[in-house]
Amino acid sequence: MPNFKDQINQLWEEAKDRDYQTTQEDFANLLGATKNQLKGWLRGSGEPNTELIKKIAQVCNVSVDWLVGNYETNVTNSHSYDEKIKNLPPEMKRIIDFIITSYGKS
């Protein structure tokens, strides 16, 4: 089962993939941490406090449960999906509803 070290490493890799010029210092600042804190987390020495874990989850658009290793899949905050779905045209909402309904019948 993944742990915080695994998840923060995955988020760091994704950040580098999005912008190859992103530095550890840039990423740490985005998370509200220092570069040294981030380096420690990436090595697996220590974890942030609860408030910082919440902030990291929010900034990276992942759930706190995923971030601390309670889920293996990257579950984004449902609020984020709700907002995106709310702004879709009615036809797209019907398609999403159909997919969700059909998936539940298998």
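Have a look at Lys35, Lys54 and point out the one that is basic (Lys, Arg) and modelled with pLDDT of 95 or more. Let's see the steps before the verdict.
Details: Lys54 fails: modelled with pLDDT of 95 or more.
From the options Lys35, Lys54, the qualifying one is Lys35.
Contact annotation: no residue pair with Cβ atoms under 6 Å, 6 or more positions apart or on different chains, pairs a residue in region 87-99 that is surrounded by 11 or more Cβ atoms within 10 Å (Cβ to Cβ) with a partner that is among the β-branched types (Val, Ile, Thr).
Condition check ((1) closer than 18 Å to Leu67 by Cβ; (2) of a type in the set (Gly, Ala, Ser); (3) in a helix (DSSP H, G or I); (4) free of Cβ contacts under 8 Å to residues at least 60 places away in the same chain) across all residues:
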residue	(1), (2), (3), (4)
Glu14	yes, no, yes, yes
Gln21	no, no, no, yes
Leu30	yes, no, yes, yes
Ala33	yes, yes, no, yes
Leu38	yes, no, yes, yes
Leu42	yes, no, yes, yes
Glu47	yes, no, no, yes
Lys54	yes, no, yes, yes
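Residue count for region 15-52, restricted to those that are within 13 Å of Phe4 (Cβ to Cβ), of a type in the set (S, T, N, Q) and either surrounded by 14 or more Cβ atoms within 10 Å (Cβ to Cβ) or touching a strand residue (DSSP E or B) at 6+ places or on another chain (Cβ under 7 Å) (or both): 1. Candidates are the residues of region 12-32 that are more than 17 Å from Asn61 (Cβ to Cβ) and out of contact with any helix residue (DSSP H, G or I) (no Cβ under 9 Å at 6 or more places or on another chain); the one that is modelled with the highest pLDDT is Gln21.
The values are calculated or read from the model by the stated rules, or taken from the named source; none is laboratory data. These figures come from a predicted structure and were not determined experimentally. Cβ coordinates were reconstructed from backbone atoms using ideal geometry, including for glycine residues, and neighbour counts include every protein chain displayed.
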